[in-house]
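Visitor: Structure in structure tokens, see below.
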Amino acid sequence: MNFSVRKRRAPVIIIVSLVDILIILLIFFVVSTTFKKDQPEVQINLPESKTAQKRPAELEAAVRGLPEQRKSTLALQADKKASFGTIIKVMDALKLAGVKNLPAFTREEGP
């Protein structure tokens with residue numbers, strides 16, 4: 001009696017389906033990270049005021065006239081004793097004027 005011995009084939013991994021799955025995962029992660037909104041680290045409830053007015057500062061008009069290249073070089077440098085409200089008003093006026101990135105300067109703490 002002759003028994004035929006079949007050679008066992010090595011398993012074949014289909015690469016095409018793996019690539020498809022990886023592309024779908026990549027698309028999912030790209031889409032889910034681009035729609036994430038910036039969330040503040042600390043929630044602050046600001047007080048309301050009946051006398052608050054929504055009017056752009058003169059700073060907005062001055063910055064709006066600047067060319068785009070000049071707007072990109074603006075940075076905020078405020079005194080540490082300046083009120084939070086004043087700094088926010090300046091930042092709002094600059095945002096309304098079209099300034100996208102506004103770095104703030106600080107200095108190292110002394111001994």
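Any read-out appearing in this document is the output of simple, stated calculations on the displayed coordinates, not a laboratory observation. Bear in mind the structure is a predicted one, so any value in this text is a computation, not a measurement. A quick note on method: Cβ atoms are made from the backbone with ideal geometry, for glycine too, and the neighbour counts reach across all protein chains shown.
Visitor: If I go through the range 69-78 residue by residue, how many of them are within 15 Å of LYS95 (Cα to Cα) and either in contact (Cβ under 8 Å) with a residue 12 or more places away in the chain or touching a Leu at 6+ places or on another chain (Cβ under 9 Å) (or both)?
Guide: Result for the range 69-78: 5.
Visitor: A follow-up question, please. Any residue at all in the range 62-74 that's under 26 Å from GLU48 (Cα atoms), surrounded by 10 or more Cβ atoms within 10 Å (Cβ to Cβ) and either within 19 Å of the chain's Cα centre (by Cα) or not hydrophobic (A, V, I, L, M, F, W, C) (or both)?
Guide: First, the residues of the range 62-74 that are under 26 Å from GLU48 (Cα atoms): none.
No: the range 62-74 contains no residue that is under 26 Å from GLU48 (Cα atoms), surrounded by 10 or more Cβ atoms within 10 Å (Cβ to Cβ) and either within 19 Å of the chain's Cα centre (by Cα) or not hydrophobic (A, V, I, L, M, F, W, C) (or both).
Visitor: Here's another thing I want to ask about it. For the range 79-111, name all the residues that are touching a residue at least 24 places away in the same chain (Cβ under 8 Å) and farther than 24 Å from GLU48 by Cβ.
Guide: Once the filter is applied, which keeps residues that are touching a residue at least 24 places away in the same chain (Cβ under 8 Å) and farther than 24 Å from GLU48 by Cβ, the range 79-111 yields ALA97, GLY98, VAL99, LYS100, ASN101, LEU102, PRO103, ALA104, PHE105.
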